[in-house]
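The values are calculated or read from the model by the stated rules, or taken from the named source; none is laboratory data. As the structure is a prediction and not an experimental result, all values here were calculated from the model. FYI the Cβ positions are ideal-geometry reconstructions off the backbone, even for glycines, and counts take in every protein chain you see.
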Amino acid sequence: MEKILFLTRSLNIGGAERQLLTLTKSLDQTRFNPVVVTFYSGGTLLSEFQAKGIRVRSASKGGRWDVTGFIHTLLNIIHEEKPDIIMSFLVAANILSIFIKPFVKDVRVIISIRHSYLRKEDYDFLSTLLYWLEDHFARFSDRIIINSYIGAKLAIERGIPGKKIVVIPNGIDTDTFISDQTIREKKRNELKFRPDEIVIGIIGRLDPVKDHRSFIKAASILHGKNTNLRFLIVGDGNPQYYDLLKQDIRSSNLETVVQIIPAETNPVPIYNALDICVSSSVGEGFSNVIAEAMSCQVPCVVTEVGDSPHIVGETGYTTPAGNPNSLADAILRMAELPRDDRKNLGKMARLRIEKEFSVAKMVSATSAEFDSPG
């Protein structure tokens, strides 16, 4: 039996963290022994890992500048666990797993890159440096798993060796992400949406790369054309960015039209409350939100970035990134479809996820990489 040590920064709500949960709980326990190690203690999703019987340990990092003590603790955990493979998730964990590789001989290091295009102006100096280090040191890992085809293409363009890359799209738990009318009615009542209102939502961390500002501009355009539309932003993130979005909403007189609410540990009720799910991102790899919404039979409007057009296929609409007018046009086209036609798109979306992006396919492909000699 192979012991797999999964290294990640935290277990707070996020697409990568949910994929880590999906993967670890779905691995064949007769072949693999998973343990999750985090930089920081706690996390919103910790209880879900524990409920599935997944062991979680923390190096108890005290803050951004707690480096020496943190690395010492982490190395002690690794030596105690004696893993066969370390698989890291996201940029900070990827860099650290590569840098500690010389200290954990005979342990294969697999890094997981979950992003594609990043705008430098959206990140501070330290974040920009981390992504630069990931690009330049990824070659020293044993394998690089990337969750999108566009992410792999751009990684190669940034100098990451293609021979070490394997693309494994995310897997969506279609037993969890379901359409449920009772859940829908309860959540819409909670959010004070009328049955006849068409609710358009964007779900994900509050980060400039998600381009919520174009979503709000599109909402402003659409409010002048159809007063029956309501807009929902769901997520947590940078407080300054949140304040900027609130300012955009106020300056456009959209306080009664656009809501911002925090992320929820269980997003299924939110998906069910929506009539249309939107991704207005200017940079994506594989969008979990889009795939999860589709699994809940919610049709999607997405920007032409990352693998989003490939994920939605013929079940949704695509539009250029950073163009609020085009985004508004695509949303309006979908909103003005007859209700039954929109529902049929949602059913087609669910079938596409079941066929192309199942958990079984993701777990099988990842397990094959664990079994590979290197």
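Being surrounded by 18 or more Cβ atoms within 10 Å (Cβ to Cβ) and of a type in the set (S, T, N, Q) is a condition met by no residue of the range 234-257.
Checking each residue in the range 94-117 for being farther than 15 Å from Asp142 by Cα and surrounded by 21 or more Cβ atoms within 10 Å (Cβ to Cβ) picks out Arg114, His115, Ser116.
Hey, can you tell me all the residues within the range 148-165 that are touching a Lys or Arg at 6+ places or on another chain (Cβ under 7 Å) and either within 18 Å of Arg352 (Cβ to Cβ) or surrounded by fewer than 17 Cβ atoms within 10 Å (Cβ to Cβ) (or both)? Listed by number, the list holds a single entry, Pro161.
The criterion of at least 2 residues that are polar (S, T, N, Q) and not assigned by TED's automatic domain parsing to the domain that holds Val289 is met by the following strands (runs of 3 or more DSSP E) wholly inside the range 1-59: 32-38. For Glu81, the test of being touching a Leu at 6+ places or on another chain (Cβ under 7 Å), under 15 Å from Leu7 (Cβ atoms), surrounded by fewer than 20 Cβ atoms within 10 Å (Cβ to Cβ) and touching a residue at least 40 places away in the same chain (Cβ under 8 Å) is passed. Annotation for the range 350-365: at least one member residue is touching a helix residue (DSSP H, G or I) at 6+ places or on another chain (Cβ under 9 Å) and assigned to a loop (DSSP other than H, G, I, E, B). Taken together, the residues in the range 64-115 that are charged (D, E, K, R) and farther than 25 Å from Val166 by Cβ amount to 4. Per the listing Ile198, Ile183, Ile172, the residue uniquely out of contact with any His (no Cβ under 8 Å at 6 or more places or on another chain), at pLDDT 95 or above and under 20 Å from Glu369 (Cα atoms) is Ile172.
Considering only residues in the range 35-51 that are hydroxyl-bearing (Ser, Thr, Tyr) and over 19 Å from Gly235 (Cα atoms), the one that is surrounded by the fewest Cβ atoms within 10 Å (Cβ to Cβ) turns out to be Ser47.
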